[in-house]
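The values are calculated or read from the model by the stated rules, or taken from the named source; none is laboratory data. Since this is a predicted model, take the numbers as computed values, not measurements. FYI the Cβ positions are ideal-geometry reconstructions off the backbone, even for glycines, and counts take in every protein chain you see. Quick note on the areas: whole protein, heavy atoms, side chains included, nothing else; ligands and nucleic acids left out. Shrake-Rupley method; radii C 1.70, N 1.55, O 1.52, S 1.80 Å.
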2 protein chains.
Amino acid sequence: MTSYPNISGILLAIDCIIFGFDGKDIKLLLIKRNFEPQKGSWSLMGGFLEANENLEDGATRILHDLTGLKNIYVEQLGVYGNVQRDPVTRTVSVVFFALINIDDHSEEAVKLHNASWISLDQRPSLIFDHNEMVYKAIEHLRYKAALHPIGFELLPEQFTIPQLQKLYEAIYNTPIDRRNFSRKLLSTGLLIDTGIKNAHSATKKAALYKLDTARYKEKFNSFWNFMPDSMENGVRI
Amino acid sequence: MTSYPNISGILLAIDCIIFGFDGKDIKLLLIKRNFEPQKGSWSLMGGFLEANENLEDGATRILHDLTGLKNIYVEQLGVYGNVQRDPVTRTVSVVFFALINIDDHSEEAVKLHNASWISLDQRPSLIFDHNEMVYKAIEHLRYKAALHPIGFELLPEQFTIPQLQKLYEAIYNTPIDRRNFSRKLLSTGLLIDTGIKNAHSATKKAALYKLDTARYKEKFNSFWNFMPDSMENGVRI
DNA sequence: GCAAAAGTGTTCAAATTACACCCATGG
DNA sequence: CCATGGGTGTAATTTGAACACTTTTGC
């Protein structure tokens with residue numbers, strides 16, 4: 001048996017939802033399309049899966065194309081395949097969720113693709129079902145960051161606890177008590193004090209920490225039970 | 001623009017991981033293939049996505065085919081698309097995760113497909129990457145059931161608290177304190193006492209409860225913080 | 001020396017755990 | 001009447017929430 005009878009192929013696309021954090025807001029890397037279809041509209045960065053390419057490799061390729069980065073934190077977020085989601089022809093899209101340190105991206109690559117970093121609350125409407133994908137990604141970020149230490153993926157290698165707090169406040173769009181936050185984070189044992197103080201500060205300089213990567217891997221799957229409600233859905237069909 | 005240039009289609013399959021609970025063990029509905037490829041081997045129930053079919057509709061179709069049921073709890077679990085995963089031809093599979101009340105399935109449909117309910121710890125090795133899919137599904141079941149009230153999907157409409165406890169003990173393969181479990185479950189406010197007592201019992205008859213569906217929907221997305229560790233992975237690529 | 005941000009401590013309430021006792025049922 | 005499983009209570013511990021004071025820095 002060398003083929004399946006009477007089955008025809010479907011176009012497989014990959015779309016990437018790329019989150020960054022600028023110290024104040026959670027941002028998305030979106031592109032203003034200078035190509036068809038829907039030239040001029042905003043969309044996620046995407047592309048077609050190549051003939052001899054694994055899904056994750058396709059995502060890696062597309063992420064590298066837009067950011068110049070390798071070794072990005074990526075998860076599969078889901079597949080979108082409604083019959084009429086792409087008006088050109090039937091296309092099924094595998095969506096990937098990526099977190100990067102916003103300082104590391106390649107400015108040239110971003111410019112080349114006509115992309116911009118846009119705050120979540122200022123994001124334009126996107127083509128096709130990309131709005132739905134982004135909505136799900138934001139929910140996933142909230143869900144996952146409440147339970148696992150993925151926040152660090154959005155920060156530079158060295159960071160202060162106040163920075164980390166601002167990140168979580170941005171993710172959940174809610175103020176957090178400084179003292180409880182600090183205590184909780186330090187108690188995870190995930191942070192290593194570098195002994196250095198943050199230079200960029202007009203007042204008291206905060207201590208710079210780095211992630212204990214060994215402990216991070218070890219503890220990645222133990223729950224944090226950190227933030228208030230967020231969600232994930234099961235669909236009843 | 002009515003087509004994309006130079007892009008060729010890929011076969012899209014759907015595979016379903018179907019969990020049941022017989023009062024003692026968590027079981028999987030698996031099929032012993034009486035068709036090619038890999039005739040005689042065990043696999044998940046699957047099929048190809050049809051030309052004008054949405055993904056969820058495909059899953060619904062396949063689940064109905066095998067169980068005779070509609071309105072099953074289903075979630076997308078992920079996509080598997082490694083280039084060589086299917087030796088016949090390149091196929092990308094969208095995997096769905098389903099929970100059903102084992103008493104409701106159609107025996108004829110199951111027999112027709114040469115399928116059986118098999119306990120997790122007795123499951124045979126499966127074809128292709130189906131073992132990996134099942135492994136991920138079990139992890140997902142543990143993860144999700146610790147945080148959301150999905151356990152009820154595996155039970156009959158009316159159930160006792162000891163039954164519910166056996167279910168969670170089976171999911172986590174660990175004993176749970178009877179008294180604390182009962183208190184915690186009742187405190188969720190999700191259970192309605194039917195006033196009826198369980199007939200099938202040689203000793204004291206347990207109270208039968210049913211799910212408060214309104215409250216279930218309302219509280220589905222609030223965390224439970226229920227069970228001990230389980231996991232979910234982010235892939236670093 | 002003062003405004004602004006960082007670091008640390010204490011108290012109270014709530015949730016979780018670890019236990020022990022009594023009740024209903026069928027044989 | 002007794003073995004089996006179901007139902008409920010309580011004390012000890014742990015965890016989380018709320019809140020106040022001191023320190024460092026640049027101007």
(request) Kindly indicate the residue of the stretch B:149-169 that is within 14 Å of another protein chain (Cβ to nearest Cβ) and in a helix (DSSP H, G or I) and also farthest from DNA strand D (Cβ to nearest atom) among those meeting that condition. (result) B:Glu153
(request) Collect the residues in the stretch B:40-59 that are outside any loop (DSSP other than H, G, I, E, B), in contact with a Leu (Cβ under 9 Å, 6 or more places away or on another chain) and open to solvent by less than 30 Å² (accessible area, probe 1.4 Å), keeping them in residue-number order. (result) B:Ser43, B:Met45, B:Leu55, B:Gly58
(request) Pull up the stretch B:188-204, narrow it to residues that are open to solvent by less than 90 Å² (accessible area, probe 1.4 Å) and within 27 Å of the chain's Cα centre (by Cα), then point me to the one that is nearest to B:Gln163 (Cα to Cα). (result) B:Asn198
(message) Can you say whether A:Asp65 is over 20 Å from A:Asp121 (Cβ atoms), in the same structural domain as A:Glu132 (by TED's automatic domain parsing) and part of a strand (DSSP E or B), as far as the supplied structure shows?
(response) no
(message) Could you tell me how many of the residues in the stretch A:60-74 are open to solvent by 30 Å² or more (accessible area, probe 1.4 Å) and in contact (Cβ under 8 Å) with a residue 40 or more places away in the chain?
(response) 2
(request) Tell me the strands (runs of 3 or more DSSP E) entirely within the stretch B:71-131 that contain at least 1 residues that are under 21 Å from B:Lys24 (Cα atoms) and within 14 Å of chain A (Cβ to nearest Cβ). (result) B:73-80, B:91-99
(request) Tell me, please, whether a residue that is over 20 Å from the mean Cα position of the chain (by Cα) and among the basic types (Lys, Arg) can be found in the stretch B:14-25. (result) no
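Yes or no, residue by residue, for (1) touching a Ser or Thr at 6+ places or on another chain (Cβ under 7 Å); (2) assigned by TED's automatic domain parsing to the domain that holds B:Ile17; (3) on the phi > 0 side of the Ramachandran plot; (4) touching a residue at least 40 places away in the same chain (Cβ under 8 Å):
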site: B:Leu99; (1), (2), (3), (4): no, yes, no, yes
site: B:Ile102; (1), (2), (3), (4): no, yes, no, yes
site: B:Pro175; (1), (2), (3), (4): no, no, no, no
site: B:Gly195; (1), (2), (3), (4): no, no, yes, no
(request) Please state which one of A:Tyr172, A:Tyr216 is more than 10 Å from DNA strand D (Cβ to nearest atom), open to solvent by less than 30 Å² (accessible area, probe 1.4 Å) and within 25 Å of B:Asn221 (Cβ to Cβ). (result) A:Tyr172
(request) Please name all residue pairs, on different chains or six or more residues apart, with Cβ atoms under 6 Å, provided the first residue is in the stretch A:200-216 and is outside any strand (DSSP E or B) and small (Gly, Ala, Ser) and the second residue is modelled with pLDDT of 95 or more and more than 10 Å from DNA strand D (Cβ to nearest atom). (result) A:Ala206/A:Thr160; A:Ala206/A:Pro162
(message) Which of the numbered conditions does A:Tyr135 fail, given that it passes all the others? Conditions: (1) aromatic (Phe, Trp, Tyr); (2) open to solvent by 30 Å² or more (accessible area, probe 1.4 Å); (3) in contact with a strand residue (DSSP E or B) (Cβ under 8 Å, 6 or more places away or on another chain).
(response) (3)
(request) Among the numbered conditions (1) assigned to a helix (DSSP H, G or I); (2) modelled with pLDDT of 95 or more; (3) under 16 Å from the mean Cα position of the chain (by Cα), tell me where A:Ala146 comes up short. (result) (2)
